[in-house]
Every structure is written in structure tokens, then in C-alpha cells.
1. Over the chain, what is the relative contact order in percent, taking alpha-carbon pairs closer than 8 angstrom and at least six residues apart?
2. Hey, any idea what Rg/Rh is for segment 4-135, computing Rh the Kirkwood way over Cα pairs?
3. Cross-link partners among aspartates and glutamates for residue 268, C-alpha distance below 15 Å, same-chain residues fewer than 8 apart left out?
4. Note down the relative contact order for segment 4-135 as a percent, whole number, built from C-alpha pairs under 8 angstrom at least six residues apart.
5. Per the chain: cysteines with no other Cys C-beta under 4.7 angstrom?
6. Looking at [x] 5, 23, 32, 25, 11, 3, 0, 0; [y] 6, 30, 39, 22, 3, 0; [z] 6, 27, 33, 23, 9, 1, which value of P(r) over Cα pairs in 10 Å bins from 0, in percent comes from a calculation on the structure shown?
7. Count the net charge of all other residues whose Cβ sits under 10 Å from the Cβ of residue 241, scoring Lys and Arg as +1 and Asp and Glu as -1.
8. Using unit Cβ charges (K, R positive; D, E negative) and no other charged atoms, how large, in debye to the nearest 20, is the dipole of the chain about its Cα centre?
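The numbers here are math on the coordinates, done by the rules we state, and not lab data. Quantities reported herein were computed from a predicted structural model and do not represent experimental measurements. Glycine gets a Cβ as well: all are built from the backbone with ideal geometry, and neighbour counts include every protein chain shown.
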Amino acid sequence: MTEIFFINSDAVSNQKHSYHDQWIEHNVAVTSGGTEWHQQIDQIPKGSMLLLHAKNIGVVAAGTVLDEQALLVLRGQGTIGPSEREEYHRQVSWFADLRNSPVPYSEIIRVWRSNPRKAVVRVANHAPALLELVQVQQETADLETIESRYRGQPTELDRMRKARLGQGQYRTDLARVWAGKCAVTACPVEAVLRASHAKAWRHASDSERLDPNNGLLLVANLDALFDRGLISFDDDGHMICSAVLSSEDKISLGLPMHIAKSLNAKQKSYLRAHRVLYGL
């Protein structure tokens, strides 16, 4: 399954300044300093999940690695740190922006039993608990943004909160589109169905967040795979599996499958955005 790595925002080599904002804005992860650090970022497999942490702050973003190997970037050709002679970049889709609500180091240490001190550290243990931390923190950050944006507008606030949580009118509309069944398996058991967004919440407008065409009703395991970009669907509804999933993984999950009905133009457009985000 997906490998997970902590990556440090490299403030030590940049006069104690963290450039994690620029990493997120430019969809990259960066190391610098010579062969050792080039090799560290180069050995991260495509499709891995990165947990970006900044010194004295905590985990500020989570993303998926989109490319096969690191790109050497020389000064004047797009380096992030102004003092760096050369940097080593990986393309990353930062799907969780936690800058307004970082995962503190105290929580990382509590769950992971250690502090990720090196530039790049592979997560060998407690990965599910770390993923849950990120998911909870992203949800918290999104809900705080909604609270701030719609303060004094109780009806709209409630509507957007429920849409973010896959509840309320959004879920009702989505269930109507998919006849109350999983879009892939046709499972009708409401307790295991999740209301997914195809175009990611952080990249969508409010109207897109509420549009049932921007969603799939999925059983929980497919929702988790779709939400992490481990699966997507083409314009014909055929499932695309990330290269991160091994043959054994796909067999155990019963993959690939396909969407049970034809997609309309809007649904295809939203799914295209999902594929682009995760490099599928």
C-alpha cells in the first residue's frame, strides 16, 4: 500500500526561515545541500504520501508525490530558497492544507512515538493513526474556515458545514443522483455509504462544493481510496488504479471496477479534475 514519509521544510539551511508556503503554492517538495539530500528525496516512490512539517510549527500539509524522481533545479531556474545554489524538487499534489490548523509535534510524538528530525523520514509504524490525525485536522481547518466565512449567516453556515461533512442537502441530492446506491457496487446499505467530492474541497467554489454532479456515493473502502487518489474514473466510468496499489492490493480489494451508469458532462469534468490532482 501507500508509503508515507515525513519531509522537513528545510528551515535550517535557509537562515531558519521555512518556505513551506512556497512549496504548497508551487506544488513541490524540496531538499538541498548535496548528494545525500538529493538521494533522500529521490528515493521516495511515486504515489507516496508526504507529511510536510515545519520546525516549531508541526505538520502543515499532506500530499501525494506525482513524479518518478527528483528534478535538479539550479539557482535562477526556479529554486525556492533564495540562498540555495541547487535544489532537488519533487512534484506533489498537496491535498491537505493544514497551515491554519497544523498537527502539532506533541500529537506526532504521541502517535508516532518519535520526532521526525531528519530531512526525509519513512513512516514504518503507526501510519493509520497519522493519517487519521491529518484527516481530522484538515476537517477541523475546513470547518473553521467555514465558520469564519459565514459568521452571521446561520442558514448558509449550516448548509456548508453539512456539505463538508458529506451530510445534509448535499448528501440527499447525491443519493438522489445515484438512487441511494453506491455508484460502483450498487450497495444500498446507507450506513456504509459515503458522500465523496470529486473536485477537492480546497480547490472548489461554493457552488461546486454543493453540486451533486461533483460527487460519488461510494461504500466506505472505495470512498477512502478515491479520497486519497488511489483510484479514479475515466470519462467512461472505468476505474483507474494508482500504480501504488500492487496486484495483491487490487485482488484483495476486488479492483478494478467501474461506475454503474453513464456519466453526464459535468460529472466527467469533475472527475477530470480529480485525475489531474492525483496524476492519474
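1. 15
2. Across segment 4-135, the Cα-based Rg/Rh ratio is 0.93.
3. 208, 211, 234, 235, 236
4. It comes to 31 percent, rounded to a whole number.
5. 241
6. [z]
7. 0
8. Its charge dipole is roughly 380 debye.
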